[in-house]
Amino acid sequence: MLADGYGLSAADRAELPTVIEQATAVGRAFVTSRVTAGEEGFVRLVASRGGWPYWDHLQEWLTAHRAAFTAALTGPPPAP
């Protein structure tokens, strides 16, 4: 729906899973910097999500499923 809503080209659709992985990595780096600075809200956020293993699992999951996401985004549309 996101790709359709933005009218992404076939090339952009093929890149979207990697871009999502990159955005997740950037988000983690941002949160890491806030936690390192001791910002209590970010410390609580990380703790409430299960700590850094949550972020690691999310990144690993996205990477492991990249081919499936790419195929779904670039393949023929589902039958009605």
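Does GLU39 qualify as being free of Cβ contacts under 8 Å to residues at least 24 places away in the same chain, acidic (Asp, Glu) and surrounded by 13 or more Cβ atoms within 10 Å (Cβ to Cβ)?
It is true that GLU39 is free of Cβ contacts under 8 Å to residues at least 24 places away in the same chain, acidic (Asp, Glu) and surrounded by 13 or more Cβ atoms within 10 Å (Cβ to Cβ).
So which residues in the stretch 21-45 are at pLDDT 95 or above and β-branched (Val, Ile, Thr)?
Scanning the stretch 21-45 gives VAL26, VAL31, THR32, VAL35, THR36, VAL43.
Can you tell me which residues in the stretch 51-80 are surrounded by 11 or more Cβ atoms within 10 Å (Cβ to Cβ) and over 30 Å from ALA11 (Cα atoms)?
TRP52, TYR54
Which one is surrounded by the fewest Cβ atoms within 10 Å (Cβ to Cβ), of the residues in the stretch 21-36 that are among the β-branched types (Val, Ile, Thr) and under 19 Å from the mean Cα position of the chain (by Cα)?
This residue is VAL26.
Among what's in the stretch 1-20 and is acidic (Asp, Glu) and over 15 Å from the mean Cα position of the chain (by Cα), pick the residue that is surrounded by the most Cβ atoms within 10 Å (Cβ to Cβ).
Filtering first and then ranking leaves ASP12.
Return the residues of the stretch 1-51 that are more than 18 Å from PRO76 (Cβ to Cβ), outside any loop (DSSP other than H, G, I, E, B) and of a type in the set (Gly, Ala, Ser); say none if nothing qualifies.
Hits for the stretch 1-51 are GLY5, ALA23, ALA25, GLY27, ALA29, SER33, GLY41, ALA47, SER48.
The values are calculated or read from the model by the stated rules, or taken from the named source; none is laboratory data. For clarity, every value in this text was computed on a predicted model and none was experimentally measured. All Cβ positions, even for glycine, are placed from backbone atoms using ideal geometry, and neighbour counts span all protein chains on display.
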